[in-house]
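Structure record follows, encoded as structure tokens.
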Amino acid sequence: MVVLGQLLLVHWFCMFDVVALVIVVQHNARSIPQYVTEAITGPLTDPPGVKLRKEGLTVNHPVVFVPGIVTGGLELWEGHQCAEGLFRKRLWGGTFGELYKRPLCWAQHMSLDNETGLDPSGIRVRPVSGLVAADYFAAGYFVWAVLIANLAQIGYEEKTMYMAAYDWRLSFQNTEVRDQTLSRMKSNIELMVATNGGKRVVVIPHSMGVLYFLHFMKWVEAPGPMGGGGGSDWCAKHIKAVMNIGGPFLGVPKSVSGLFSVEARDIAVARAFAPGFLDKDVFGLQTFQHLMRMTRTWDSTMSMIPKGGDTIWGGLDWSPEGESFKCGAKSLRNNSINSMVQNENINLEDNVESVNFGRIISFGKDVAEAHSSKIKRVDFQDAVTSVKLPNLTTNCDIWIEYHEIGNHRIKAVADNKVYTAGSILDLLHFVAPKLMARGGAHFSYGIADNLDDPKYQHYKYWSNPLETKLPNAPDMEIYSMYGVGIPTERAYVYKLNSGTDCSIPFQIDTSAEGGIEDSCLKGGVFSADGDETVPVLSAGFMCAKGWRGKTRFNPSGIRSYIREYSHAPPANLLEGRGTQSGAHVDILGNFALIEDVLRVAAGATGKDLGGDHVYSDIFKWAERINLLL
Amino acid sequence: MASILRFRKLYYVDQAVKCSSVGFESLDQSPKIDQKLDKKEEDVISANNLALGINKRKRAKEWRCIDSCCWIIGCLCTTWWLLLLLFHCWPVTLLRVNELPGPGARLKREGLTALHPVVLVPGIVTGGLELWEGKPCADGLFRKRLWGGSFTELFKRPLCLLEHLSLHYETGLDPPGIRLRAVPGMVAADYFAPGYFVWAVLIENLAKIGYEGKNLHMAAYDWRLSFQNTEIRDHALTRLKTRIELMYITNGYKKVVVVPHSMGVIYFLHFLKWVETPPPMGGGGGPGWCAKHIKAMMNIGPAFLGVPKAVSNLFSAEGKDASYLRAMAPRVFESEILGLQTFEHVMRMSRTWDSIISLLPKGGDTIWGNMDWSPEGHVCDFSKKSHSQTSLTSVLHSSKLPTVDSKLSGIFSNECFPNLNISCGEVWTEYDEMSRQSIQNVAADKAYTSTTLHDLLRLVAPKMMRRAEAHFSHGIADNLDDPKYNHYKYWSNPLETKLPDAPDMEIYCLCGVGLPTERSYVYKLSPSSRCKSIPYKIDSSVNGEENSCLRGGVYFADGDESVPVLSAGFMCAKGWRGKTRFNPSGIATYIREYRHKPTTSLLEGRGTESGSHVDIMGNLALIEDILRVAAGATGDEIGGDRIHSDILRMSERINLPL
């Protein structure tokens, strides 16, 4: 028995390590000697850097990377007693070793102040600076490293590359207020342009970095003190191209489920990255609550709430993707070749399931599929005002806002049945008023009627492409580069959680499954085409329609290009994360994308690359969206 | 990855000890994992059987297969976990030991907070270098540190590494196909090797009073290049300028405090001139730039007037501690690794580094003394001196020894060993191009002072000196207004430039004293008839009497083990004191000396009161001074001059028109 006990105990401890080792081995497959890999997979193709160097490409335009949420490293500069000895050690990114040792302390230091969204007193966690900030997220898990290595092949180095690392937990304007990150970025770009003979920079933002850079472009031309005072031609003078990779221009539905109940199919972005450590064992049984408390202090998560409301994302009974969109991995994988053919035929098929992506949250599967006229809805806001608040029993260990709203309200939320992109904001305001009040000061999710309205000079509109004009820079180019062919969360089926008082009251109803085999509904989540995180609609719409030609959002007619990369999973384990991946982060190792980036950095224009390169139905969907341009 | 690797390494050490029959060559190749696991099982079983005393039970009962399996898995996991735990605990406990109760926390309680932005300028050797493009032999090292860090690559492929660390012999820039660049950011020089701090202690204390990335900057540069070349190749000076301007603006128009160390001091002197000079040679900041942006320059262990060590390094790639390099990475440069030609290899590499030339003694005989006199006079019992203040009379007294005197002031004294055989060339050094006759001639000349020394180097290494003298000058200016002094090669020599017009600026010389520091050498011709050897060698058999300055062929003077106090203190003590021709606007100067106290126990690590060249960065008194100035204090407020050595007396003896 003793032996068995010891064995179990030990086993439990080392589980993580074994898993970690396997992951590392897998991710490090490239460090296996080349002859071994070649023996197994056949001769390797040259990485794009080597190939293009043979073609004669060399350094031309300086390059700026803007990392996205979660992928940037954060290090400790000042902490409480429990974090002793961690000075200038990475709390986020790297090995996450501290998380195992002192999880509660870690969560405390990673949280921001609940009221201000800035540092809590006595704690200073700051972004790691330099290329190391986001080249690898964890050991062996590359983010920018492959792209950097390929750029270096054609001659790039530290003086021509710059990682605009920022604290991704803060709201965008707060990065300037606290760290002067935007000023630094401005000064660095100016420096690079000056020291490289006046060559304008190519900016490569990824994920949330896309929104951050949109914010930057407005900030830099706005006069001080709110803006950077660069003058109205700053962007024209300093930026050659913005190559957005996997940009959630119009937000991601995932962030809603993240804010609403800290879950999603892959249980939030954070857990997707570090699967082992956010398990229940680490935090005890209240993982979700701890996690929710921490992530809800991060203003930046609110930058990715779906923007544009029903106009963009669809209402109760329609969605731009239409009912014809065919889900299921099979068709998605093949669509690189015959997507257009398929879509023409698709209307003729009889057994197409009626999918309505417009309802981002529905309570119950039947509700999700029924026609809107058949749903009995009770307006939750009325319901609540008529009911007195009961005595609140806040004897829970971890405080979250749900404990303050009371059961009646929670019931009322569920009674309303269906929420679209527009009403989801009301919902969030309702269940988390403080959070949304803080977020509302920094972000906006609407569509501007009149862009010349002076109110749009406020910084909270700057990261919303539907409420700002692009800068006056006709020679600039905007690329939207994203992966397609992977089912991406688009809408959810929820249920009430019948657990104890202290748990989160809402939960994705994982029992909700679609009827037919290729159904879009799996485990309570409706999926659409995308890169696993950002739906095509969000990544592509602005470049496909919103900014195409001279529109009111793009008054100077900046050229926009869409470059889609169809996902092909790695053929075997040795390939690591693949060279043709279209997944949100893995796409940074996609050879076709890297080649595009290298060519533009070496001086090519969008036309030289071949203009648009589209697999999905984004143009068709964009047409269905009735947005005044 | 790092943690796993480290772990594996630990494990391997273990392995190698226990079953030394199996030798693994490389540590990080994944396919070997399987093999390793097998090995580990066996090892673990035997270890556990012994340790837990299971042997008897095992023999007594018959074990079923499943039991063994359980045991194997269990033990495997235990060892794995224990080692992992050990590894995870290790750095923390190590840190606890090293973690010093620095003045940061105390000063914070006093109410000091971050006020002026701080710029750190690292010195030679301490900054990390990483690979951006290399030859096939350096495959897989992209963006890995070749210099600094664990130096593992140096053990694995020493010759490849030396090739990559060398610069082009003619241009002093990158050799074709190789790009080695400075590591940017704070990590560039916080620790030189794991556990060997450089700036880390200072950074931590600054952080305690509120410093962070936005108001603390490490101006990392490629320390192998000549100063102007760092601008030409990497735009390092422009970057520094932009960064200072940015910090000045974003921190509410507070001027910066610059903290250069060692060679960083002359690098920053160069910057001061560069930034105010109009383009294209300079940065075009205009004549008021320094006055507007810089509050104080706090030079730590400044090598203003050069270090004699650089001479022995260039001349024969050796010194008392066999040069900086070998001091830092002692095992690496031992002869086993590079074969028998270590010195030659190292010399070949270090002679391509222009920056070393910047450290040659400046000012010639006027500063460093000639055949028959030297400003120091004679005080060699530093150990004694650091405990009891020596009276002035004893200094004068001991200087009445004329025979020793002539040797001290000559930087070299040669004794002849004339059987040489130089003809074959795998490792090329410029010595190979010299005839035997001229080598002997060098030795026949017997003694060289710091002026004739340059002639000597020109003789033995003409190409190197030609390259380097385009970037550095080592003289004394007669007339500072001569337009030739606008050339950048004079900018790093304090005796050939004027300080900027910035009357509110302050200059501090923070130097360690009380350690014997190399000052001059006794050389001999190398007796070896082996080909390719360096023909000169320090004659380590020469020893003076007890308490003499001469030990092992090297004469010592007071200093911080690398920089003699004369070089570190003279400019602040005399050259720039008040309004002089070198300091026309009368920038205030302060000398702060820190007397070396050796550590009392091993646990103290490198000590909190050290005065030695690099360890002084962990000296609490020095850190406190820097923190106070950064928080707004002036030189007078922290106590003005604080002098332990004879620097004022020495300066007086130096006859330099001011």
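Obtain the radius of gyration and the Kirkwood radius of the range A:97-246 from its C-alpha atoms and give Rg over Rh.
Value, to two decimals: 1.00.
Taking a virtual spin label 7 Å from the Cα of A:Asp475 along the C-beta vector, which residues in the range A:175-199 bring their backbone nitrogen under 18 Å of it?
Hits in the range A:175-199 for A:Asp475 at 18 Å: A:189-199.
How large are Rg and Dmax for the range A:422-543 when calculated on the C-alpha trace, in angstrom?
So, for the range A:422-543, Rg and Dmax equal 18.8, 59 Å respectively.
Packing-wise, with mean Cβ within 10 Å as the measure, how do A:413-419, B:69-75, A:304-310 rank, highest first?
In decreasing order of mean packing, A:413-419, B:69-75, A:304-310 become A:304-310, A:413-419, B:69-75.
With the convex hull built on the Cα atoms of the range B:450-494, state its orientation-averaged projected area in nm².
3.4
Using a Förster radius of 45 Å, what is the FRET efficiency between B:Thr152 and A:Ala568 based on their Cβ-Cβ separation? Nearest 0.05, please.
The pair B:Thr152/A:Ala568 has a calculated efficiency of 0.75.
With every protein chain left in place and a probe of 1.4 Å, what is the accessible surface of A:Thr95, to the nearest 10 Å²?
80
If the viscosity is 0.692 mPa s and the temperature 37 °C, what Stokes-Einstein diffusion coefficient in µm²/s follows for the range B:244-290 when Rh is the Kirkwood radius over Cα pairs? Don't skip to the answer; put the middle values down first.
Working: Rh = 11.6 Å.
After rounding, the answer is 284 µm²/s.
Nearest 100 Å² is fine: how much accessible area is buried between A and B, summed over both sides, with a 1.4 Å probe?
4600
Compute the Rg to Rh ratio over the range B:194-257 from the alpha carbon atoms, using the Kirkwood formula for Rh, and round to two decimal places.
On the Cα set of the range B:194-257, Rg over Rh gives 1.04.
Using protein chains only and a probe of 1.4 angstrom, how many square angstrom of A:Phe430 are accessible, to the nearest 10?
For A:Phe430, the solvent-accessible surface is approximately 20 Å².
Going by Cα centres, the range A:225-241 and the range A:75-132 are how many Å apart?
With the range A:225-241 and the range A:75-132 each reduced to a Cα centre, they are spaced 33 Å.
Compute the semi-axes of the equivalent ellipsoid of the range B:93-190, taking the square root of 5 times each eigenvalue of the Cα gyration tensor, and list them largest first in whole Å.
37, 17, 10
Can you list which of the GluC sites (Glu not before Pro) found in the range A:98-193 are DSSP loop residues with at most 13 other C-beta atoms within 10 Å?
A:Glu115
How large is log10 of I(q)/I(0) for the range A:588-629 at q = 0.17, 0.19, 0.20 Å⁻¹ when the intensity is taken from the Debye formula with one equal scatterer per alpha-carbon?
At q = 0.17, 0.19, 0.20 Å⁻¹ the computed log10 ratios are -0.65, -0.73, -0.75.
Which entries in the list B:Lys489/B:Lys579; B:Lys144/B:Lys498; A:Lys159/A:Lys254; B:Lys156/B:Lys362 go over 30 Å, if you measure between the two C-alpha atoms of each?
B:Lys144/B:Lys498; A:Lys159/A:Lys254; B:Lys156/B:Lys362
Using a 1.4 Å probe on the protein chains only, how many percent of the accessible area of the range B:94-218 belongs to carbon and sulfur?
On the way: 2670 of 4490 Å².
Carbon-and-sulfur percentage of accessible area, whole number: 59.
Would you mind checking A:Lys89/B:Lys254; A:Lys54/A:Lys545; A:Lys237/B:Lys214; A:Lys54/A:Lys240 for any pair whose Cα atoms are more than 32 angstrom apart?
Values: A:Lys89/B:Lys254 29 Å; A:Lys54/A:Lys545 37 Å; A:Lys237/B:Lys214 26 Å; A:Lys54/A:Lys240 24 Å.
Checking Cα-Cα distances, A:Lys54/A:Lys545 exceed 32 Å.
Once label points are set 7 Å from the Cα along Cα→Cβ at both A:Glu84 and A:Asp310, what is their separation, rounded to one decimal in nm?
5.9
Thinking of the range A:52-168 as a set of Cα atoms, what percent of all their pairs are more than 23 Å apart?
39
Quick check: pseudo-label points 7 Å beyond the Cα along Cα→Cβ at B:Asn543 and A:Lys607, how many nm apart are they?
Result for the modelled spin labels: 8.3 nm.
Largest first and to the nearest Å, give the Cα extent of the range B:545-642 along each principal axis.
Between the extreme Cα coordinates on each principal axis of the range B:545-642 lie 46, 33, 17 Å.
Positive end of the dipole of the range A:522-576, charges at C-beta (+1 Lys, Arg; -1 Asp, Glu), about the Cα centre: which of A:His567, A:Ser556, A:Ser538 has its Cα farthest in that direction?
Result: A:Ser556.
The values are calculated or read from the model by the stated rules, or taken from the named source; none is laboratory data. The shown structure was predicted, so the numbers you read here are calculated from the model rather than taken from an experiment. Cβ atoms come from the backbone with ideal geometry, glycine included; neighbour counts cover every protein chain shown. For the accessible areas, the whole protein counts, side chains as well, though only heavy atoms, and no ligand, DNA or RNA atoms are used. Shrake-Rupley method; radii C 1.70, N 1.55, O 1.52, S 1.80 Å.
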